[in-house]
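In what follows, a single structure is set out as C-alpha coordinates and then discussed.
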(Lines give C-alpha, C1' and ligand atoms only; values in the text may rest on other atoms or scores of the structure.)
Protein backbone atom coordinates (compact mmCIF):
# COMPACT_ATOMS: atom_id res chain seq x y z
CA UNK A 1 0.00 0.00 0.00
CA UNK A 2 2.85 2.39 0.89
CA UNK A 3 4.59 1.59 -2.39
CA UNK A 4 1.38 2.32 -4.34
CA UNK A 5 0.96 5.59 -2.46
CA UNK A 6 4.52 6.61 -3.34
CA UNK A 7 3.91 5.80 -7.01
CA UNK A 8 0.70 7.82 -7.05
CA UNK A 9 2.39 10.78 -5.37
CA UNK A 10 5.22 10.56 -7.88
CA UNK A 11 2.79 10.55 -10.82
CA UNK A 12 0.87 13.51 -9.36
CA UNK A 13 4.14 15.37 -8.84
CA UNK A 14 5.24 14.76 -12.43
CA UNK A 15 1.86 15.94 -13.73
CA UNK A 16 1.99 19.09 -11.62
CA UNK A 17 5.52 19.82 -12.84
CA UNK A 18 4.37 19.25 -16.43
CA UNK A 19 1.43 21.64 -16.02
CA UNK A 20 3.57 24.28 -14.29
CA UNK A 21 6.33 23.92 -16.87
CA UNK A 22 3.90 24.16 -19.77
CA UNK A 23 2.45 27.44 -18.59
CA UNK A 24 5.82 28.83 -17.49
CA UNK A 25 7.24 28.29 -20.98
CA UNK A 26 4.18 29.63 -22.80
CA UNK A 27 3.10 26.13 -23.83
CA UNK A 28 -0.09 25.93 -21.81
CA UNK A 29 -1.87 24.53 -24.85
CA UNK A 30 -0.11 21.20 -24.17
CA UNK A 31 -2.29 20.64 -21.11
CA UNK A 32 -5.52 21.11 -23.11
CA UNK A 33 -4.12 19.04 -25.95
CA UNK A 34 -3.40 16.08 -23.68
CA UNK A 35 -6.73 16.39 -21.84
CA UNK A 36 -8.91 16.60 -24.95
CA UNK A 37 -6.59 14.63 -27.25
CA UNK A 38 -8.71 14.95 -30.39
CA UNK A 39 -11.19 17.41 -31.82
CA UNK A 40 -14.97 17.01 -31.67
CA UNK A 41 -17.90 18.80 -33.29
CA UNK A 42 -18.91 20.57 -30.07
CA UNK A 43 -15.46 21.94 -29.24
CA UNK A 44 -16.84 25.46 -29.52
CA UNK A 45 -18.05 24.89 -25.96
CA UNK A 46 -14.40 24.71 -24.86
CA UNK A 47 -13.32 27.88 -26.66
CA UNK A 48 -14.04 31.58 -26.66
CA UNK A 49 -16.31 32.50 -29.56
CA UNK A 50 -17.28 35.56 -31.57
CA UNK A 51 -20.89 35.73 -32.76
CA UNK A 52 -21.65 35.85 -36.48
CA UNK A 53 -24.89 37.80 -36.33
CA UNK A 54 -27.93 37.59 -38.57
CA UNK A 55 -30.82 40.05 -38.81
CA UNK A 56 -33.51 39.06 -41.32
CA UNK A 57 -33.86 35.27 -41.61
CA UNK A 58 -34.93 33.86 -44.97
CA UNK A 59 -36.28 30.34 -44.36
CA UNK A 60 -35.68 27.76 -47.07
CA UNK A 61 -38.70 26.80 -49.21
CA UNK A 62 -39.75 23.16 -48.85
CA UNK A 63 -40.01 21.13 -52.07
CA UNK A 64 -43.26 19.36 -52.93
CA UNK A 65 -41.37 16.06 -52.90
CA UNK A 66 -39.73 16.74 -49.54
CA UNK A 67 -38.40 13.47 -48.03
CA UNK A 68 -40.57 11.36 -50.33
CA UNK A 69 -37.61 9.42 -51.72
CA UNK A 70 -35.90 6.77 -49.60
CA UNK A 71 -32.17 6.51 -49.16
CA UNK A 72 -30.67 3.52 -50.98
CA UNK A 73 -29.41 0.85 -48.53
CA UNK A 74 -25.76 1.34 -49.48
CA UNK A 75 -25.87 5.09 -48.82
CA UNK A 76 -27.90 4.64 -45.63
CA UNK A 77 -25.35 2.13 -44.34
CA UNK A 78 -22.50 4.48 -45.16
CA UNK A 79 -24.15 7.38 -43.35
CA UNK A 80 -24.77 5.20 -40.33
CA UNK A 81 -21.23 3.78 -40.18
CA UNK A 82 -19.71 7.26 -40.33
CA UNK A 83 -21.93 8.58 -37.52
CA UNK A 84 -23.74 11.10 -39.66
CA UNK A 85 -25.58 13.80 -37.75
CA UNK A 86 -27.26 15.69 -40.57
CA UNK A 87 -27.89 15.24 -44.27
CA UNK A 88 -29.54 18.03 -46.22
CA UNK A 89 -30.22 18.21 -49.96
CA UNK A 90 -31.13 21.52 -51.59
CA UNK A 91 -32.50 20.95 -55.10
CA UNK A 92 -33.68 23.86 -57.26
CA UNK A 93 -33.34 26.21 -54.26
CA UNK A 94 -35.72 24.20 -52.03
CA UNK A 95 -35.17 21.56 -49.39
CA UNK A 96 -35.70 18.23 -51.11
CA UNK A 97 -34.37 15.87 -48.45
CA UNK A 98 -33.40 16.32 -44.82
CA UNK A 99 -32.69 14.10 -41.85
CA UNK A 100 -30.96 14.31 -38.46
CA UNK A 101 -29.46 11.67 -36.20
CA UNK A 102 -28.34 11.42 -32.58
CA UNK A 103 -28.17 14.85 -30.89
CA UNK A 104 -28.08 16.83 -34.14
CA UNK A 105 -31.11 18.90 -35.07
CA UNK A 106 -32.22 21.58 -37.49
CA UNK A 107 -30.97 24.30 -35.13
CA UNK A 108 -28.07 22.66 -33.31
CA UNK A 109 -24.59 24.09 -33.77
CA UNK A 110 -21.85 21.85 -35.12
CA UNK A 111 -18.19 22.53 -35.71
CA UNK A 112 -17.27 22.49 -39.39
CA UNK A 113 -13.48 22.26 -39.02
CA UNK A 114 -11.84 22.90 -42.40
CA UNK A 115 -15.10 23.99 -44.01
CA UNK A 116 -14.05 27.26 -42.38
CA UNK A 117 -11.16 27.39 -44.84
CA UNK A 118 -13.62 27.69 -47.72
CA UNK A 119 -15.56 30.39 -45.87
CA UNK A 120 -12.31 32.28 -45.23
CA UNK A 121 -11.54 32.06 -48.96
CA UNK A 122 -14.94 33.57 -49.75
CA UNK A 123 -14.22 36.47 -47.42
CA UNK A 124 -10.86 37.04 -49.09
CA UNK A 125 -12.69 37.34 -52.41
CA UNK A 126 -15.08 39.85 -50.90
CA UNK A 127 -12.26 41.94 -49.42
CA UNK A 128 -10.63 41.91 -52.86
CA UNK A 129 -13.89 43.03 -54.43
CA UNK A 130 -14.10 45.92 -51.97
CA UNK A 131 -10.54 46.99 -52.67
CA UNK A 132 -9.41 46.22 -49.13
CA UNK A 133 -6.99 43.79 -50.75
CA UNK A 134 -5.55 45.15 -53.99
CA UNK A 135 -4.64 41.85 -55.60
CA UNK A 136 -3.94 38.23 -54.73
CA UNK A 137 -0.42 39.05 -55.94
CA UNK A 138 0.08 41.25 -52.88
CA UNK A 139 2.79 40.03 -50.51
CA UNK A 140 1.54 38.76 -47.18
CA UNK A 141 4.01 41.10 -45.48
CA UNK A 142 1.95 44.10 -46.71
CA UNK A 143 -0.58 43.14 -44.04
CA UNK A 144 1.61 41.22 -41.62
CA UNK A 145 4.96 43.10 -41.42
CA UNK A 146 6.39 40.47 -39.07
CA UNK A 147 6.04 37.89 -41.84
CA UNK A 148 9.41 38.68 -43.40
CA UNK A 149 12.90 37.29 -43.85
CA UNK A 150 14.06 33.79 -44.80
CA UNK A 151 12.14 34.00 -48.08
CA UNK A 152 8.79 34.94 -46.53
CA UNK A 153 8.79 38.22 -48.44
CA UNK A 154 8.05 36.25 -51.62
CA UNK A 155 4.85 34.68 -50.26
CA UNK A 156 1.78 36.16 -51.93
CA UNK A 157 -1.88 35.88 -50.96
CA UNK A 158 -2.43 33.55 -53.93
CA UNK A 159 0.12 31.16 -52.44
CA UNK A 160 -1.92 30.95 -49.25
CA UNK A 161 -5.13 30.42 -51.21
CA UNK A 162 -3.67 27.46 -53.07
CA UNK A 163 -1.70 26.17 -50.07
CA UNK A 164 1.59 26.58 -51.87
CA UNK A 165 3.25 29.02 -49.46
CA UNK A 166 6.37 26.91 -49.09
CA UNK A 167 6.35 27.08 -45.27
CA UNK A 168 7.26 24.15 -43.06
CA UNK A 169 3.88 24.04 -41.27
CA UNK A 170 3.22 20.40 -40.37
CA UNK A 171 -0.38 19.18 -40.56
CA UNK A 172 -0.65 16.75 -37.66
CA UNK A 173 -3.90 16.09 -35.79
CA UNK A 174 -2.72 13.25 -33.57
CA UNK A 175 0.49 14.66 -32.08
CA UNK A 176 -0.39 16.81 -29.02
CA UNK A 177 2.96 18.59 -29.38
CA UNK A 178 2.41 19.61 -33.01
CA UNK A 179 1.96 23.15 -34.33
CA UNK A 180 -1.57 22.12 -35.35
CA UNK A 181 -2.38 21.35 -31.71
CA UNK A 182 -0.80 24.64 -30.67
CA UNK A 183 -3.01 26.57 -33.09
CA UNK A 184 -6.11 24.66 -31.99
CA UNK A 185 -5.64 24.87 -28.23
CA UNK A 186 -3.21 27.78 -27.87
CA UNK A 187 -3.96 31.38 -26.93
CA UNK A 188 -1.76 33.20 -29.46
CA UNK A 189 -2.70 32.29 -33.01
CA UNK A 190 -0.83 35.20 -34.55
CA UNK A 191 2.48 34.24 -32.99
CA UNK A 192 2.02 30.57 -33.88
CA UNK A 193 1.01 31.24 -37.49
CA UNK A 194 3.86 33.68 -38.09
CA UNK A 195 6.48 31.45 -36.46
CA UNK A 196 7.02 29.19 -39.47
CA UNK A 197 10.12 28.70 -41.57
CA UNK A 198 10.39 28.57 -45.35
CA UNK A 199 10.97 25.15 -46.84
CA UNK A 200 10.25 25.45 -50.58
CA UNK A 201 9.83 28.21 -53.13
CA UNK A 202 6.35 29.82 -52.87
CA UNK A 203 4.05 28.60 -55.61
CA UNK A 204 6.17 25.54 -56.40
CA UNK A 205 4.53 22.89 -54.20
CA UNK A 206 0.93 22.33 -53.10
CA UNK A 207 0.84 20.87 -49.61
CA UNK A 208 -2.26 21.02 -47.41
CA UNK A 209 -1.49 23.34 -44.49
CA UNK A 210 -3.91 24.88 -42.02
CA UNK A 211 -1.24 27.45 -41.27
CA UNK A 212 -1.75 28.99 -44.72
CA UNK A 213 -5.42 29.57 -43.99
CA UNK A 214 -4.68 31.03 -40.59
CA UNK A 215 -2.36 33.53 -42.26
CA UNK A 216 -5.23 34.39 -44.64
CA UNK A 217 -7.43 35.05 -41.62
CA UNK A 218 -4.85 37.39 -40.11
CA UNK A 219 -4.51 39.17 -43.46
CA UNK A 220 -8.30 39.63 -43.58
CA UNK A 221 -8.43 41.09 -40.08
CA UNK A 222 -5.73 43.62 -40.96
CA UNK A 223 -7.23 44.42 -44.39
CA UNK A 224 -10.79 44.95 -43.15
CA UNK A 225 -10.12 46.27 -39.67
CA UNK A 226 -12.75 43.82 -38.41
CA UNK A 227 -12.87 40.46 -36.73
CA UNK A 228 -13.62 37.56 -39.07
CA UNK A 229 -16.96 37.05 -37.33
CA UNK A 230 -17.97 40.67 -37.85
CA UNK A 231 -16.90 40.66 -41.49
CA UNK A 232 -18.62 37.31 -42.11
CA UNK A 233 -21.83 38.65 -40.59
CA UNK A 234 -21.73 41.75 -42.76
CA UNK A 235 -20.76 40.09 -46.04
CA UNK A 236 -22.33 36.63 -45.71
CA UNK A 237 -24.61 35.76 -42.81
CA UNK A 238 -26.88 38.81 -43.02
CA UNK A 239 -27.15 39.01 -46.84
CA UNK A 240 -27.75 35.24 -47.03
CA UNK A 241 -30.59 35.46 -44.50
CA UNK A 242 -29.15 32.90 -42.10
CA UNK A 243 -31.80 31.66 -39.68
CA UNK A 244 -29.44 31.32 -36.71
CA UNK A 245 -26.38 33.13 -35.52
CA UNK A 246 -23.13 31.26 -36.00
CA UNK A 247 -20.08 31.15 -33.74
CA UNK A 248 -16.48 31.52 -34.85
CA UNK A 249 -14.10 30.22 -32.20
CA UNK A 250 -11.15 32.37 -31.17
CA UNK A 251 -7.83 31.81 -29.45
CA UNK A 252 -8.89 33.94 -26.47
CA UNK A 253 -11.50 36.51 -25.50
CA UNK A 254 -11.24 39.38 -27.98
CA UNK A 255 -8.52 37.51 -29.85
CA UNK A 256 -8.08 36.12 -33.35
CA UNK A 257 -10.55 33.79 -35.07
CA UNK A 258 -9.41 30.29 -35.91
CA UNK A 259 -9.72 30.93 -39.64
CA UNK A 260 -8.69 27.41 -40.63
CA UNK A 261 -11.39 25.76 -38.57
CA UNK A 262 -14.06 26.34 -35.98
CA UNK A 263 -16.91 28.06 -37.80
CA UNK A 264 -19.95 26.61 -36.03
CA UNK A 265 -23.44 26.51 -37.54
CA UNK A 266 -26.19 24.11 -38.69
CA UNK A 267 -26.92 22.27 -41.91
CA UNK A 268 -29.57 24.68 -43.24
CA UNK A 269 -27.36 27.72 -42.80
CA UNK A 270 -24.24 26.00 -44.15
CA UNK A 271 -26.30 25.24 -47.25
CA UNK A 272 -26.54 28.97 -47.93
CA UNK A 273 -22.79 29.04 -48.55
CA UNK A 274 -23.22 26.19 -51.02
CA UNK A 275 -26.13 27.89 -52.77
CA UNK A 276 -24.13 31.10 -53.13
CA UNK A 277 -21.37 29.15 -54.85
CA UNK A 278 -23.83 27.15 -56.95
CA UNK A 279 -25.27 30.39 -58.30
CA UNK A 280 -21.87 31.86 -59.09
CA UNK A 281 -21.88 34.32 -56.20
CA UNK A 282 -25.48 35.45 -56.68
CA UNK A 283 -28.07 35.27 -53.90
CA UNK A 284 -31.65 35.93 -54.99
CA UNK A 285 -30.63 38.49 -57.59
CA UNK A 286 -27.89 40.15 -55.55
CA UNK A 287 -24.30 39.54 -56.68
CA UNK A 288 -22.48 39.17 -53.38
CA UNK A 289 -19.18 38.13 -54.92
CA UNK A 290 -17.75 38.15 -58.42
CA UNK A 291 -18.50 34.97 -60.36
CA UNK A 292 -14.85 34.88 -61.45
CA UNK A 293 -13.85 34.29 -57.81
CA UNK A 294 -16.31 31.42 -57.53
CA UNK A 295 -14.93 29.91 -60.73
CA UNK A 296 -11.35 30.21 -59.53
CA UNK A 297 -12.25 28.75 -56.13
CA UNK A 298 -13.67 25.59 -57.69
CA UNK A 299 -10.94 25.17 -60.30
CA UNK A 300 -7.96 22.94 -59.53
CA UNK A 301 -4.72 24.89 -59.00
CA UNK A 302 -2.62 22.25 -60.84
CA UNK A 303 0.45 23.06 -58.73
CA UNK A 304 2.78 20.10 -58.24
CA UNK A 305 1.89 18.17 -55.08
CA UNK A 306 3.84 15.87 -52.76
CA UNK A 307 3.68 12.93 -55.16
CA UNK A 308 5.01 14.99 -58.02
CA UNK A 309 1.74 15.35 -59.93
CA UNK A 310 -0.33 18.44 -60.73
CA UNK A 311 -2.88 19.07 -57.99
CA UNK A 312 -6.18 18.44 -59.79
CA UNK A 313 -8.24 18.32 -56.59
CA UNK A 314 -7.83 21.71 -54.85
CA UNK A 315 -8.58 25.33 -55.80
CA UNK A 316 -8.82 28.43 -53.61
CA UNK A 317 -9.39 26.61 -50.30
CA UNK A 318 -12.13 24.51 -51.96
CA UNK A 319 -11.78 20.85 -52.95
CA UNK A 320 -12.48 19.69 -56.50
CA UNK A 321 -13.94 16.28 -57.45
CA UNK A 322 -12.02 15.31 -60.62
CA UNK A 323 -14.30 12.38 -61.49
CA UNK A 324 -17.39 14.61 -61.51
CA UNK A 325 -16.91 17.65 -63.76
CA UNK A 326 -18.05 20.88 -62.14
CA UNK A 327 -18.43 19.39 -58.65
CA UNK A 328 -16.48 21.11 -55.86
CA UNK A 329 -16.89 21.12 -52.11
CA UNK A 330 -15.83 22.30 -48.67
CA UNK A 331 -14.56 19.58 -46.37
CA UNK A 332 -13.92 19.18 -42.64
CA UNK A 333 -11.83 16.52 -40.94
CA UNK A 334 -14.75 14.74 -39.26
CA UNK A 335 -16.78 14.47 -42.46
CA UNK A 336 -18.29 17.94 -42.69
CA UNK A 337 -19.17 18.68 -46.31
CA UNK A 338 -20.81 21.40 -48.38
CA UNK A 339 -21.01 19.89 -51.86
CA UNK A 340 -21.91 21.92 -54.95
CA UNK A 341 -23.26 19.99 -57.95
CA UNK A 342 -24.10 22.43 -60.76
CA UNK A 343 -25.30 19.76 -63.23
CA UNK A 344 -28.10 18.82 -60.82
CA UNK A 345 -28.70 22.34 -59.47
CA UNK A 346 -28.04 20.78 -56.08
CA UNK A 347 -26.24 21.50 -52.83
CA UNK A 348 -25.64 18.80 -50.22
CA UNK A 349 -24.60 19.39 -46.61
CA UNK A 350 -23.46 16.51 -44.46
CA UNK A 351 -22.41 16.89 -40.80
CA UNK A 352 -21.17 14.15 -38.52
CA UNK A 353 -18.40 12.71 -36.41
CA UNK A 354 -16.44 10.39 -38.71
CA UNK A 355 -15.08 11.31 -42.13
CA UNK A 356 -15.91 9.33 -45.21
CA UNK A 357 -12.89 7.36 -46.47
CA UNK A 358 -11.19 8.72 -49.57
CA UNK A 359 -11.75 6.46 -52.54
CA UNK A 360 -9.72 8.03 -55.33
CA UNK A 361 -8.51 11.36 -56.64
CA UNK A 362 -8.67 12.75 -53.09
CA UNK A 363 -12.48 12.43 -53.29
CA UNK A 364 -14.49 10.97 -50.37
CA UNK A 365 -16.58 7.86 -50.90
CA UNK A 366 -19.64 9.83 -49.83
CA UNK A 367 -19.54 11.90 -53.01
CA UNK A 368 -19.50 8.80 -55.21
CA UNK A 369 -22.46 7.36 -53.32
CA UNK A 370 -24.38 10.63 -53.49
CA UNK A 371 -23.76 10.89 -57.22
CA UNK A 372 -25.39 7.48 -57.64
CA UNK A 373 -28.47 8.56 -55.66
CA UNK A 374 -29.03 12.24 -56.38
CA UNK A 375 -29.92 11.87 -60.10
CA UNK A 376 -32.86 9.68 -59.04
CA UNK A 377 -34.47 12.51 -57.07
CA UNK A 378 -37.39 14.37 -58.70
Exercise for review: Go through the residues of the range 198-216 one by one and say whether even a single one is more than 16 Å from the chain's Cα centre (by Cα) and without any contact (Cβ under 8 Å) to a residue 24 or more places away in the chain.
Suggested key: no
Revision key, fill the gap. Among residues of the range 88-110 being more than 29 Å from residue 292 (Cα to Cα) and touching a helix residue (DSSP H, G or I) at 6+ places or on another chain (Cβ under 7 Å), the residue surrounded by the fewest Cβ atoms within 10 Å (Cβ to Cβ) is 106
Study note, to complete from the structure: Within the range 315-362, residues modelled with pLDDT of 95 or more, over 22 Å from residue 76 (Cβ atoms) and part of a strand (DSSP E or B) come out as 319, 320, 328, 330, 340
Point to revise | Residues (outside any loop (DSSP other than H, G, I, E, B), more than 18 Å from the chain's Cα centre (by Cα) and either closer than 20 Å to residue 160 by Cβ or at pLDDT below 95 (or both)) located in the range 262-292 | key: 292
**Study point:** Number of the condition not met by residue 85 [criteria: (1) buried (at least 16 other Cβ atoms within 10 Å of the Cβ); (2) within 25 Å of residue 342 (Cβ to Cβ); (3) in contact (Cβ under 8 Å) with a residue 60 or more places away in the chain]
**Key:** (2)
Check your understanding: Which of the residues belonging to the range 164-189 are in a loop (DSSP other than H, G, I, E, B), touching a strand residue (DSSP E or B) at 6+ places or on another chain (Cβ under 7 Å) and under 17 Å from residue 217 (Cα atoms)?
Key -> none
Review point. Looking at (1) over 25 Å from residue 319 (Cβ atoms); (2) touching a helix residue (DSSP H, G or I) at 6+ places or on another chain (Cβ under 9 Å), can you tell me which one residue 65 breaks?
Key: (2)
Practice item. Quick one: which residue in 74, 50, 43 is at pLDDT 55 or above, farther than 21 Å from residue 105 by Cβ and crowded, with 17+ Cβ neighbours inside 10 Å? Key: 50
Review point. Just checking, how many residues over the range 143-154 are in a helix (DSSP H, G or I) and touching a residue at least 40 places away in the same chain (Cβ under 8 Å)?
Key: 2
Exercise for review: Determine which member of the set 213, 167, 180 is within 30 Å of residue 307 (Cα to Cα), buried (at least 23 other Cβ atoms within 10 Å of the Cβ), at pLDDT below 95 and in contact with a helix residue (DSSP H, G or I) (Cβ under 8 Å, 6 or more places away or on another chain).
Suggested key: 180
Exercise for review: For the range 302-314, state whether one or more residues are at pLDDT 95 or above, buried (at least 23 other Cβ atoms within 10 Å of the Cβ) and in contact with a helix residue (DSSP H, G or I) (Cβ under 6 Å, 6 or more places away or on another chain).
Suggested key: no
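The values are calculated or read from the model by the stated rules, or taken from the named source; none is laboratory data. What you see is a predicted model; the values in this text were computed from it and never measured. We place every Cβ from the backbone using ideal geometry, glycine too, and count neighbours over all the protein chains shown.
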